[in-house]
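Note sheet for the following structure.
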Amino acid sequence: MEKGKGVMGSGRRWAVDFSDNSTAPSSRDIPDPPGFTRASADQDDSTVSRQKKDAESNWKAQKAWEVAQAPFKNLLMMGFMMWMAGNTVHLFSIGITFSALWQPISALQGVGKVFEPYKDSKVELLGPKLLFIALNLGGLALGVWKLNTLGLLPTHASDWVSSLPPAQEVEYSGGGIPL
Amino acid sequence: MPITYAFLLFLIFSSLQPILSLYEDQVGLTDWHQQYIGKVKQAVFHTHKTGRKRVVVSTEDNVIATLDLRRGEIFWRHVLGHNDVVDGIVIALGKYVITLSSEGSILRAWNLPDGQMVWESSLHGPKHSKSLLVMTNVVIEKDNVVIIFSNDRLHAVSCIDGEVLWNKDFEVESLEVQKVIQPPGSNFVYVVGFAASSHFEMYQINARNGELLKHESAAFSGGFSGEVSLVSSETLVALDSTGLILLRISFHKGNVSIQQTPISNLVEDSPGPAVIIPSSIMELFAIKINAVTIFIRVTGTGKLEVVEKANHETAVGDALSISEGQQAFGLVQHAGRDIHLTVKLAHDWGGDLLKESIIMDQQRGLIHKVFINNYVRTDGSYGFRALIVMEDHSLLLLQQGTIVWSREDGLASIIDVTTSELPVERAGVSVAKVELNLFEWLKGHMLKLKGTLMLASPEDIAAIQYMRLKSSEKSKMTRDHNGFRKLLIALTRAGKLFALHTGDGRIVWSLLLQSLHKSEACQHPIGLNLCPWQVPHHHALDENPSVLVVGRCGPSSDAPGVISFVDSYTGKELSSSSLVHSVAQVIPLPYTDSTEQRLHLLIDADKHAHLYPKTPEAIGIFRREFSNIYWYSVEDDNGIIKGYALKSKCDGNVADKFCFGTRELWSIVLPSESEKIVATVTRKLNEAVHTQAKLIAADQDVMYKYISRNLLFVATVAPKASGEIGSVTPEESWLVVYLIDTVTGFVLHRVTHHGSQGPVEAVFSENWVVYHYFNLRAHRYEMSVIEIYDQSRADNKDVWKLVVGKHNLTSPISSYSRSEVVTKSQSYFFTHSLKAIAVTSTAKGITSKQLLIGTIGDQVLALDKRFLDPRRSVNPTQAEREEGTIPLTDSLPIIPQSYITHNLRVEGLRGIITVPAELESTTLVFAHGLDLFFTHFAPSRTYDSLTEDFSCALLLITIVVLVAAIFVTWVLSQRKELQDKWR
């Protein structure tokens, strides 16, 4: 994701869009340089730009798949960390578990944003997106599983009865040895 | 692993190994200790030497102590065993205190300056008798001799080493020796007494060797009664058996003569029999007819004449030789609010040596005893000081018309204790202490900060410690958030109520209950019970809380009862009444009326139940719950436990709608030839239980506790084994333990410990009971635990049913729905024998429990309940270890740091009371006996509050410094960035 952003994302300071096909110079803030005719340039570059576009969309698709697979590495690392953290409740294992839960959730929330740069009419993004979501769900499941092994999920009867106060008694009896 | 358990562990994992000890400088911060001696029986002054002036006292609580005459502080004190009653004390050789105790069979000498025992000798004799101790001035081989009559034998004992020099038996059957007299300057003693109640016997015995010099007897057909008064070294005064004729018995030079004088000759309108006030004043004695004290002089010719009739309550002290042949005696009379102390010469009634009038606190009641002592003033005249013992057992020293000091020794004999909240702090409530001003507050915090940063000088440290100890915060008269400040209300044997502040142990108010005051109708009133009567907390906050005091006129169970209601804030008696019925049991019911007055049932000796308060509202509440109220009685002398239900009307012809008859429902008859009830215990009525589930981490299981208020623990032993430990063989001794449902009489559990013996001390809490007994086979004390679990609800284990709430765990339970229980039990050896046992109680019942054990050494030891877990095993699994299960050991450890009384002793420990504070982690512990001890105790450490040594000032300063640093660095970074941009 990070790499994709660095190349195609908002990291750019400025850009000249050579594929701008508009003929009216008034649409731009600055007038065309002298000797430059917009119409002829367009006609000359049309084939070149098509080729360029194809290459770009291919590259985009490739990048999108790469981005989609990125959580897998994360998943492996998380698994290793969890194994290292052990099954007792302490600060480290709690931290690992909660980050393992938080990362997939935040990634899933930002799934649109992650694939924003690769949005293209020609690029099929559904596949990478599904893979991305599936891998993150896998990470989430891992986190939940870890939570359960730590005993922090209410999956036992004891979790539901421990807060119940003792039942009321119907009868009352008092007394003892006479004073 | 379940979620709550894990969270609890996470939250308090620092407290898994609670360290209960405290640092040296924490002593006295939350705890206080007060020392008492009990009601003084005899006092001997020691003021001759130039050293510290002191008085040696013996008390009804078997204490021998010396007190500082200047301040009333205890120099030293010895508490003898409860069957080692002190019969007499004398000072010998100016350096020994000689005490006769244990019905005249043990004579001990104590070193006067430091109280160390010098010698002890035991005196034996043929049979039990009155014990008399007489100091003589006879010297045998440079030994001063003390003469003791005890166990029907006369002994002469050396003061130096306690050796018995000679002893002498008296052949006459049924001789009741009244006095042993040594005439001054002589070498013989007179032993005088009555035989067969109609003979006067006189023996003259050589004090050097015990040789009988003379024996005379005289018959008097009218018989003798009561005490005798000595009016000279060879004359005494007694009363005949009717109490109407005074007998002057003279045995001058061994010739016995009895002279009779009817009291009616002396006093014209003498309405009834008289009582002699025993004294030994030259030529003078006092008798008491009803409430009138009459002083009678015996003239040299043997004539009797009345010198004064005192209508007020009067106490007479013993004679005091002030100079050669002159005797003085003290006399204290009540006159309204004042008392008059008079010191007179024995032979001159009119001439008062001293006459003082002192304003006396009405709450101290009547004067019971007076002891006087003289000193020589700078101008050569005699001054007198008087030590007086009051009705409330307090001890006061009077000198020069003022009370020099007073000791509240009534607190040595507390019968019952309850607590009361203090007023809420608001505008209308006056706060006794003035708040610290800002400067002092700042100064205090600066000192504390210096202490934290280790910059404090020794003086500063002392000042910090003083500030901590004397913090006005802890002794305020208002309620605090943590619930540490409360009133401890104690009922003493003298019938006095004391309210002690938990902060510093001072007496906030005291009240001598008029209802427990001796009167015509009520001759021997005794206090029985103290219950919280009204505890306003929600809708009745404007009312003051009050307590109910229940008493009885006389020791028998059918004596009429008295009740009294006392305001806990002001200490005023709101109302009191003597009841028409007796009081056998007091049962607080779990219902309160609209003013938060708790309903109480008083059961009388005829098994009628009387409802209090006597209001229509109370009866309405009671009628609603009528069918669900039961009561039981344990008749421990014949081994029967009976359960009763109530009937709507009283059986007799009494038209009292607050009286209810009872009918017997069940009875458990224990075989009297094999079982004798030695202990019963129930759960505390106000105990808070947090959960009904016991979580077992190992197999992720849950067990349901059998929590019932209606459970009774009964321990019985073989009748043979009810004596002392070791009096029976293990084969003929056993201990049987029952758990009985007191509504149905159903025995839930029964277990027999063969070869075990009492005494049994037990404590019942939640679903477990811990009891302590002696194992004869192992020759050790044991503590056993029984935990009771409800098997009938054990199948509530389906998580989904629990999630949607389809379970019967919160539905009300009836004792009649017969439940299956399983018990788990385990026994452990324990080193100490113990005097009392209690368990910590906290506000919500979440904090883990610790047992508080009053050891035989009069200390309070905290023992974690986890040590008494029946599920301890030799090799606990990892999960069990995490849960806190301790590996199984055969004996319970005694960790020296967990003595909550640290280095103090609560002499004569009788009871331990635990009261929850508002703070869940903390419980307030009050131990009483002769001494009082109070402390805060956190069974799992104070996990819910900052520790006392946490420095708020340091935290504040750190925050301020951090904020300042952030600001400064922010400004600096801004500047640097700007410079970078210009570059």
Name, by its number, the condition in (1) touching a helix residue (DSSP H, G or I) at 6+ places or on another chain (Cβ under 7 Å); (2) on the phi > 0 side of the Ramachandran plot that does not hold for B:Gly336.
(1)
Only one of these conditions is not met by B:Glu766: (1) farther than 26 Å from B:Val925 by Cβ; (2) within 14 Å of another protein chain (Cβ to nearest Cβ); (3) open to solvent by 10 Å² or more (accessible area, probe 1.4 Å). Which number is it?
(1)
Expected output for the stretch B:799-824 (first residue more than 7 Å from chain A (Cβ to nearest Cβ) and on the phi < 0 side of the Ramachandran plot, partner basic (Lys, Arg) and assigned to a loop (DSSP other than H, G, I, E, B), Cβ below 9 Å, 6+ apart or cross-chain) is B:Trp800/B:Lys806; B:His807/B:Arg793; B:Asn808/B:Arg793; B:Ser819/B:Arg793; B:Lys824/B:Arg871
Scanning the stretch B:221-242 residue by residue, those crowded, with 18+ Cβ neighbours inside 10 Å and assigned to a loop (DSSP other than H, G, I, E, B) turn out to be B:Glu234
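Looking only at residues that are of a type outside the set (Asp, Glu) and either part of a loop (DSSP other than H, G, I, E, B) or at the interface with another protein chain (Cβ under 8 Å from one of its Cβ atoms) (or both) in the stretch B:679-688, which one is most open to solvent (accessible area, probe 1.4 Å)?
Here is the first cut: in the stretch B:679-688, the residues of a type outside the set (Asp, Glu) are B:679-686, B:688.
Cutting the leftovers down to either part of a loop (DSSP other than H, G, I, E, B) or at the interface with another protein chain (Cβ under 8 Å from one of its Cβ atoms) (or both) gives us B:680, B:682-686, B:688.
Numbers: B:Thr680: 44, B:Thr682: 53, B:Arg683: 24, B:Lys684: 87, B:Leu685: 63, B:Asn686: 125, B:Ala688: 27 Å².
Among those residues, the one meeting the criterion is B:Asn686.
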Selected residue (criterion: farthest from the chain's Cα centre (by Cα)) from residues of the stretch A:148-179 that are within 7 Å of another protein chain (Cβ to nearest Cβ) and touching a residue at least 24 places away in the same chain (Cβ under 8 Å):
A:Gly151
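For the stretch B:787-798, enumerate the residues that are open to solvent by less than 30 Å² (accessible area, probe 1.4 Å) and more than 8 Å from every other protein chain (Cβ to nearest Cβ).
B:Glu787, B:Ile788, B:Tyr789, B:Asp790, B:Arg793, B:Ala794
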When every residue in the stretch B:433-482 that is hydroxyl-bearing (Ser, Thr, Tyr) and more than 35 Å from the chain's Cα centre (by Cα) is compared, the one farthest from B:Asp944 (Cα to Cα) is B:Ser457
If I filter the stretch B:308-320 for residues that are open to solvent by 20 Å² or more (accessible area, probe 1.4 Å), in a loop (DSSP other than H, G, I, E, B) and touching a His at 6+ places or on another chain (Cβ under 6 Å), do I get at least one hit?
yes
On the given criteria, is B:Ala718 more than 14 Å from chain A (Cβ to nearest Cβ) and open to solvent by 20 Å² or more (accessible area, probe 1.4 Å)?
no
Regarding the stretch B:689-700, can at least one residue be identified that is within 14 Å of chain A (Cβ to nearest Cβ), open to solvent by 50 Å² or more (accessible area, probe 1.4 Å) and at positive phi?
yes
Does B:Ile587 count as of a type in the set (A, V, I, L, M, F, W, C), touching a Phe, Trp or Tyr at 6+ places or on another chain (Cβ under 7 Å) and surrounded by 20 or more Cβ atoms within 10 Å (Cβ to Cβ)?
yes
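Taking the condition more than 30 Å from A:His156 (Cα to Cα) and within 11 Å of chain A (Cβ to nearest Cβ), does B:Val743 pass?
On the way: more than 30 Å from A:His156 (Cα to Cα): yes; within 11 Å of chain A (Cβ to nearest Cβ): yes.
Against the criterion (more than 30 Å from A:His156 (Cα to Cα) and within 11 Å of chain A (Cβ to nearest Cβ)), B:Val743 qualifies.
Each row is one residue, and each column tells you yes or no for (1) at pLDDT 90 or above; (2) open to solvent by less than 50 Å² (accessible area, probe 1.4 Å); (3) under 30 Å from B:Lys486 (Cα atoms); (4) within 26 Å of the chain's Cα centre (by Cα).
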{"site": "B:Ser14", "(1), (2), (3), (4)": "no, no, yes, no"}
{"site": "B:Trp32", "(1), (2), (3), (4)": "yes, yes, yes, yes"}
{"site": "B:Gly51", "(1), (2), (3), (4)": "no, yes, no, no"}
{"site": "B:Val86", "(1), (2), (3), (4)": "yes, yes, no, yes"}
Test each condition in (1) open to solvent by less than 10 Å² (accessible area, probe 1.4 Å); (2) without any contact (Cβ under 8 Å) to a residue 24 or more places away in the chain for B:Ser186 and report the one that comes out false.
(1)
If you scan the stretch B:123-150, which residues turn out to be more than 15 Å from B:Ile89 (Cα to Cα) and touching a Ser or Thr at 6+ places or on another chain (Cβ under 6 Å)?
B:Leu123, B:Asp143
Keeping to the stretch B:880-894, report how many residues are in contact (Cβ under 8 Å) with a residue 24 or more places away in the chain, aliphatic (A, V, I, L, M) and open to solvent by 30 Å² or more (accessible area, probe 1.4 Å).
1
Residue check, B:Ser667 against (1) in a strand (DSSP E or B); (2) at the interface with chain A (Cβ under 8 Å from one of its Cβ atoms); (3) small (Gly, Ala, Ser), all met but one. Which one?
(2)
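Conditions (1) in contact with a strand residue (DSSP E or B) (Cβ under 7 Å, 6 or more places away or on another chain); (2) within 22 Å of B:His517 (Cα to Cα); (3) open to solvent by 10 Å² or more (accessible area, probe 1.4 Å); (4) assigned to a strand (DSSP E or B), marked per residue:
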position	(1), (2), (3), (4)
B:Phe329	yes, no, no, yes
B:Val332	yes, yes, no, yes
B:Leu353	yes, no, yes, yes
B:Ser357	yes, no, yes, yes
B:Ile372	yes, no, yes, yes
B:Tyr375	yes, no, yes, yes
B:Asp379	no, no, yes, no
B:Phe384	yes, no, no, yes
B:Leu387	yes, no, no, yes
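On the basis of being more than 30 Å from B:Ile725 (Cα to Cα), out of contact with any Ser or Thr (no Cβ under 6 Å at 6 or more places or on another chain) and surrounded by 17 or more Cβ atoms within 10 Å (Cβ to Cβ), does B:Ile846 make the cut?
Working: more than 30 Å from B:Ile725 (Cα to Cα): yes; out of contact with any Ser or Thr (no Cβ under 6 Å at 6 or more places or on another chain): yes; surrounded by 17 or more Cβ atoms within 10 Å (Cβ to Cβ): no.
No, not satisfied.
Tally up the residues in the stretch B:34-49 that are closer than 30 Å to B:Tyr466 by Cβ and open to solvent by less than 30 Å² (accessible area, probe 1.4 Å), please. Full working, then the answer.
Step one: list which residues in the stretch B:34-49 are closer than 30 Å to B:Tyr466 by Cβ, which gives B:34-37.
Going one step further and asking which of them are open to solvent by less than 30 Å² (accessible area, probe 1.4 Å), we end up with B:36-37.
Of the residues in the stretch B:34-49, 2 are closer than 30 Å to B:Tyr466 by Cβ and open to solvent by less than 30 Å² (accessible area, probe 1.4 Å).
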Of the conditions (1) closer than 25 Å to B:Tyr203 by Cα; (2) buried (at least 19 other Cβ atoms within 10 Å of the Cβ), B:Gly302 satisfies every one except a single condition; which number is it?
(2)
Of the residues that make up the stretch B:557-564, is at least one without any contact (Cβ under 8 Å) to a residue 24 or more places away in the chain, within 14 Å of chain A (Cβ to nearest Cβ) and surrounded by fewer than 19 Cβ atoms within 10 Å (Cβ to Cβ)?
no
Looking at the structure I just gave you, is B:Thr942 open to solvent by less than 60 Å² (accessible area, probe 1.4 Å), in a loop (DSSP other than H, G, I, E, B) and free of Cβ contacts under 8 Å to residues at least 40 places away in the same chain?
yes
Contact list, first residue from the stretch B:963-983 and in contact (Cβ under 8 Å) with a residue 60 or more places away in the chain, second anywhere and of a type in the set (Lys, Arg) and in a helix (DSSP H, G or I), beta-carbon distance below 8 Å, six or more apart or interchain, is none
Hits in the stretch B:254-283 - residues which are in contact with a Lys or Arg (Cβ under 9 Å, 6 or more places away or on another chain), open to solvent by 40 Å² or more (accessible area, probe 1.4 Å) and not aliphatic (A, V, I, L, M):
B:Ser257, B:Gln259, B:Gln260, B:Ser280, B:Glu283
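The values are calculated or read from the model by the stated rules, or taken from the named source; none is laboratory data. Here the structure is a predicted model, which means the values were calculated and not measured. Glycine also receives a Cβ, built like all others from the backbone with ideal geometry; neighbour counts cover every protein chain displayed. Note: areas computed on protein heavy atoms with side chains; ligands, DNA, RNA excluded. Shrake-Rupley method; radii C 1.70, N 1.55, O 1.52, S 1.80 Å.
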